[in-house]
């Protein structure tokens with residue numbers, strides 16, 4: 001019986017880029033011999049296939065919804 005061990009992972013940095021298109025990376029895929037980084041779009045697009053071969057997938061795309069409000073505050077107008 002094989003047991004997967006989940007390890008803590010560092011959050012992605014602004015300098016981490018998608019291996020497919022070069023956009024900001026939000027998904028880290030840990031493989032047996034290294035890792036791949038993907039933007040939210042490509043992480044979602046390839047998720048099903050990656051889930052079959054990845055040891056771990058760390059998805060930080062929820063950080064995209066923590067953006068600043070679309071409407072400026074009264075003191076900013």
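Throughout, read-outs are computed from the coordinates displayed, never taken from laboratory work. Since we're looking at a predicted model, the values are computed, not measured. Note that each Cβ is placed from the backbone with ideal geometry, even for glycine, and that neighbours are counted across all protein chains shown.
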Which of the residues belonging to the stretch 46-60 are under 21 Å from residue 10 (Cα atoms) and surrounded by 15 or more Cβ atoms within 10 Å (Cβ to Cβ)? 47, 50, 54, 57, 58, 59, 60
So, first residue on the phi > 0 side of the Ramachandran plot and without any contact (Cβ under 8 Å) to a residue 60 or more places away in the chain in the stretch 8-21, second residue surrounded by 10 or more Cβ atoms within 10 Å (Cβ to Cβ) and assigned to a loop (DSSP other than H, G, I, E, B), Cβ within less than 8 Å, six or more apart or across chains; the pairs are none
Taking the stretch 9-29 and keeping only residues that are surrounded by 15 or more Cβ atoms within 10 Å (Cβ to Cβ) and within 11 Å of the chain's Cα centre (by Cα), one is left with 12, 16, 17, 18, 24, 25, 26, 27, 28, 29
